[in-house]
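Have a look at the structure below before the remarks.
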Amino acid sequence: MRSTSSFRQGARVLVAALALAGWSAVQAATYELIGLGSYGGSSAATDINNLGQIVGNADVLDQYGWASQAFSYQFGVGAVNLGAGRGSTAQAINDAGLIVGSHGPFLRTTAFSYTASGGLQDIAVSGSYASEGTAVNKQGQIGVAWVSAKTLTAKTPAIVVQPDRSQSALTSLGGQSSRIHGINSAGVIVGQVSASTLAPDNTQAFQMNPDGSTFVWNMPYGSTANAINDQGAIVGSINNQDMAHGSQAFLYTPGQGVQTLAWDHSRALDINSLGWVIGQYRVDSYRQGSFLYQPGVGVSDLQSLLPEDERWSQLSAAAINDLGQIVGSGLYQGHREAFVMNLTGRGITAVPEAGTHGLMALGLVGIGALTRRQHRRA
């Protein structure tokens, strides 16, 4: 390990925990919500790039039963089944349309990359029992998590796959198990590292720079980093002392320190170049939702940014792009369905993608292509 320290060293920790009653949508963005289809089962959008291209997963019924299948979606074109088969998931997409995820049977998954022109390509990891593509940046660097074929508990450092397909493991973390959750355009990596020498739950957030220097958090009860933007701001969650209080969403800004964004049982999942943060919270076993944080505005419940008569509930945000568009899933007419939230008054432009129309014939087994459905007033 070349350089290991804590984000807390020399950083001013800002505590800005907000009670639910104190949330306000005043001056916050307002949105329209567009459903992407549920296929009779359920679906979820997992990421959106700055061209409005979306990836996600849908539970599709075939002759063997229900199974998750990875898809991409863009307005003016529709849905594309990535051809990754049963048990596939799409995790992330960059602005060039490079998609990463995993496919295969439960616990024996294989990481993949996908482009419209090149199709699906497996990412082979030597000695792996299972692997998963977890993140991709603008330059095409891919984060891969994996477990060893020898034992599921073996220490397996996350791997970075370069655009030329060469691989390098995060060995400067000391050979400990790690998982990449985000890579910015400068190649700075964030995620979670696990080791018995860390906090009581053995996990901490980490940042790794392109020169290999590494910074590991030293929070008393553990932490994880979920995303980093091109300005170096990081979001994630900090564990509380006991499970009754869960974790708290945080925003780390270089030169300013750590700011907690919500109350107990919350986590921040993504951040865009404007510093807008999305995350999820849980009130109890039956009530959950998502939030949007905007600098200078504060934290708003996503539901409060929609029309009062909106029929969606229990929104689960997953990602936000630099245009402020948010994707995730929510409950609509009893089904969990993928959605995109678009800023009111800002249209979604169709982006042509070479090879897409031919792939539409793949459909989503037994269901056909997704269609644009805007669920608003009855």
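Mind checking the alpha-carbon convex hull of region 57-109 and giving the volume per residue in Å³?
Details: hull volume 4.3 nm³, N = 53.
Residue-normalised Cα hull volume stands at 81 Å³.
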Checklist entry - How much length is gained on full extension from ALA96 to ASN50, taking 0.36 nm per residue of separation minus their Cα-Cα distance? => result 15.6 nm
Item to check | Extension reserve of the ARG311-THR344 stretch, reckoned as 0.36 nm per residue once the Cα distance is removed | outcome: 10.2 nm
Checklist entry - Counting pairs of Cα atoms in region 20-362, how many percent are more than 39 Å apart? => result 9 percent
Item to check | Calculated FRET efficiency for the pair ASN202/SER126, C-beta based, R₀ 22 Å, to 0.05 | outcome: 0.30
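Find, among the chymotrypsin sites (Phe, Trp or Tyr not before Pro) in region 258-345, those assigned to loop by DSSP (not H, G, I, E, B) with at most 15 other beta-carbon atoms within 10 angstrom. Could you put the intermediate results ahead of the total?
Details: sites: TRP263, TRP276, TYR281, TYR286, PHE291, TYR293, TRP312, TYR332, PHE339; in loops: TRP263, TRP276, TYR286, TRP312.
Loop-located and lightly packed - TYR286.
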Next on the checklist: What distance in nm separates the two pseudo spin-label positions at LEU61 and SER148, each 7 Å out from Cα along the beta-carbon direction?
Outcome noted: 4.4 nm
Checklist entry - Hey, fewest Cβ within 10 Å first, where do MET219, MET208, MET341 land in order? => result MET219, MET208, MET341
Checklist entry - Simple spin-label model, 7 Å along Cα-to-Cβ: VAL283 to ARG165 in nm? => result 5.2 nm
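In debye, nearest 20, what is the charge dipole magnitude of region 20-362 about its Cα centre with +1 on Lys and Arg Cβ and -1 on Asp and Glu Cβ, if you could check?
Working: 13 positive and 22 negative charges, 130 e Å.
Its charge dipole is roughly 620 debye.
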Next on the checklist: For a quick check of your reading of the filter: which chymotrypsin sites (Phe, Trp or Tyr not before Pro) in region 53-146 sit in a DSSP loop and have no more than 10 other Cβ atoms within 10 Å?
Outcome noted: TYR64, PHE106
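Quick note: the coordinates plus some simple rules give every number you see, no bench work behind them. What you are looking at is a predicted structure, and each value in this text was computed from that prediction instead of being measured. Counting neighbours? That spans all protein chains shown, and the Cβs are built from the backbone with ideal geometry, glycine included.
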